[in-house]
Every structure is written in structure tokens, then in C-alpha cells.
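Before any comments, here is the structure.
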Ligand code: SF4
């Protein structure tokens, strides 16, 4: 893994892991290690982006940092707030690319949905991000920069902070594995953002090689975007993801090292008239009935009419959603219906999509 993300003159401190920052301070600047500890605390725990405001650093150290380093937070282009309190931030990265992050109120705290790629190569047929195609991977600094911006926004509004993270925004996290692992490692480090790995969920269509490495790292438990109970239907809904045969994917997940009380989560988006019948529920029970798992059901959200897109599917009927849930539960599969948040601002699952246009123009993204 490379740790330095240097512009010709300045080091991007957001893209350094803890050990990378220590090396920069002790080897690069020839300063004692405690200076790195102080800097880490200001950058990640206090969320300060101006070196001059880091009050316990010496004047010389602050001047050196201003010359040699930078903290390139993503800039907020657009903020939209839903009637249900969900907040969507359209962010501009240093090279002008744009991504989205969503802050979802969950009682006394917020859950933040993070993007890991600009666009996505997986082209799932129900997902607005899939239509964008893939532009590039995001760096650790850009991924975690979303948390800094999200926390600052909530603090400014006097709202509770972020406690849980879901890597479920734009992109397939396991296709950006190096930066994902660096992000997860940095998240949990003391005096930093300090979000424990059990509070971070990585949502993936399921890439066996990536799952093996994520499992060995012990850094997060995955939520698998299953969305179909058979290989045949999955090929239609998620043609690229389905290149990994379903039985191979499930065998890989059976080997995933989870703790005794943990379970693998399967996400299942209910598409009206496509995969939401009791016959599909029966097929799903056949697939998952003997596995240690839980199922999250998500009603498909067609893009809002003003997004200018034609919806490829329709939302499921509420009765069908309830019947699907009841059937799984009757077969002793732990099942939840995920409440759809931020639907009116196109921040709900599957609705996120960046619209082309200059900064400041309205736009949106989607996720696993
Ligand atoms: S659902 Fe996830 S993996 Fe599929 S296209 Fe959308 S962002 Fe990519």
C-alpha cells in the first residue's frame, strides 16, 4: 500500500494512515513523535481543517505544515434535506469529480452512507449509479473526508453526530479494496474518528477474492446485495455481479469468519412484479434457510419524476412486501423491512445518481 499522496509541493494529510503520518512528521519534518499524535487528534478527532486553529502546536510547526501539507476536505456543492430528516450532500473532490454522501437520522444519532468510487462499473439494472459507468476509485482521504464533512455539517446544525457507517453509496467497495481497508483501519484508530468496526458495514455485490481479504482483516462484516433467489434472475438484474455463480458466492460467505453472535446480512431489493412473489420467497428460503444470516428487504424506489429518468422497474405493493417478510419469518429467517429514507430528495437506496453539470447544479448518486 502506498501512503503518500503528494502534490508537487504538499502532502495530503487526509490520505496518510496513522503510521504514514508518523513517518511524515518524524522522518520528513524531523520532529518528535508526539507532534504526530497531536496532529492526528486535530485532523481526525477534532475535525479541524485549518492548521492555524490547532492551538497546541508550536508556531513553527504550524508554519511548516502550511508550507508542506494540506487537508483537502471535499467541498459541499449542494445540500438537500428530506421531510424525514435525511440529509444528502453533493460533494466536489479536489479534481472536480463529484460524489454524494447521505446522513440518515437513527434516533439519537446518524448513520452515514459513504461512496467509495466515482461512478460504478457493475451496472446493476435497478441502480442509478450503475447508469453512470465508472470514472475512478476514491482515495482513503476522499472516503473518510466524507465523514469529516458530514460531522461538521451536523455540528453546525446542532444535530447529533454520526455513529454508524455504511459503505453503501456510489461504487462497489470491494473493487476499491486497498483504499477501503486503509479507511477501515484508520476509522478505528485511537484519537481518530474512532468508529469501531462493528459499527461499519461494507455492502457488496459479493466478490469472493475481496471477501476473503476483508474477512481475514477482521475489519468489517459484509452485507451482500443478493436481490435475486436464483442464478438466472440474478443474471438479469445484476449481469456483471452474477458472473460469480450464486453457489460459489454463498460457499465463500459460508467460510466468512464471523463471530458467534454475528450473521451475514443479505440485502434484497423488492422490484414490483419481478422478484417479490411468494414463489420467490420460497426460492430464497431454499437458498438461505440453513445459513446463519439475516435478510433486509428494501422496497425499490423509482427515481423521482424530476430526475428525468424513466424507471426500469416499479415499486412493490405494500401487501406483497409484508407477505414476503411474513413468509421468510415463518421459516425462521430473521428478516427486516428497511425503512426507505430520503425518498423525496432522491437519497434513498438505488436513487443516487450524479447529473452532469457545473458545480452548484442539482445532482444525485446510488448504491449497493
Ligand atoms: S448497486 Fe452498487 S454495485 Fe450495483 S451498480 Fe449500484 S453502486 Fe454499483
Between the alpha carbon centres of the stretch 62-104 and the stretch 177-235 the gap in Å comes to 23
Centre separation in Å (Cα based) which lies between the stretch 248-289 and the stretch 147-167: 31
With angles folded into 0 to 90 degrees, how steeply does helix 318-330 sit against the dominant principal axis of the chain? Use alpha carbons for both and round to 10. 90
Shape of the stretch 39-112, Cα gyration tensor, a/c cut at 1.5: oblate
Ordering 130-141, 76-87 by per-residue average of other C-beta atoms within 10 angstrom, highest first, gives 130-141, 76-87
Counting just the Cα atoms, what span does the stretch 11-70 cover along each of its three principal axes? Round to the nearest Å and put the largest first. 24, 22, 19
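Would you order 336, 51 from fewest to most other beta-carbon atoms within 10 Å of each residue's own beta-carbon? Don't skip to the end; give the middle numbers.
Values: 336 14, 51 21.
Result, fewest neighbours first: 336, 51.
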Which angle between 0 and 90 degrees, to the nearest 10, do you get for helix 208-217 versus the longest principal axis of the chain when only C-alpha atoms count? 50
Where a ≥ b ≥ c are root eigenvalues of the Cα gyration tensor, a/c under 1.5 meaning rounded, otherwise prolate if a/b exceeds b/c and oblate otherwise, the chain counts as prolate
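Using the number of other C-beta atoms within 10 angstrom as an exposure proxy, rank 10, 157 with the fewest first. It would help to have the intermediate numbers written out before the result.
Details: 10 16, 157 11.
Ranking 10, 157 by Cβ neighbours within 10 Å, fewest first, gives 157, 10.
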If you consider only alpha-carbon coordinates, what radius of gyration and Dmax does the stretch 233-283 have, in Å? 13.3, 37
Which angle from 0 to 90°, rounded to the nearest 10, does the C-alpha axis of helix 59-68 make with the longest principal axis of the chain? 60
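So what is the 222 nm mean residue ellipticity for the chain from helices alone, if each DSSP H run of at least 4 adds -39500 (n - 2.57) and you divide by all residues, rounding to the nearest 500 deg cm²/dmol? Numbers along the way, then the final one.
Details: 11 runs with 107 residues, N = 368.
Calculated mean residue ellipticity at 222 nm is -8500 deg cm²/dmol.
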Estimated translational D of the stretch 78-164 in µm²/s (Stokes, Kirkwood radius over Cα pairs; 37 °C; 0.692 mPa s): 239
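Every number here is computed from the coordinates shown, using simple stated rules; none is lab data. As the structure is a prediction and not an experimental result, all values here were calculated from the model. Every residue, glycine as well, gets a Cβ built from its backbone with ideal geometry; the counts of neighbours run over all protein chains shown.
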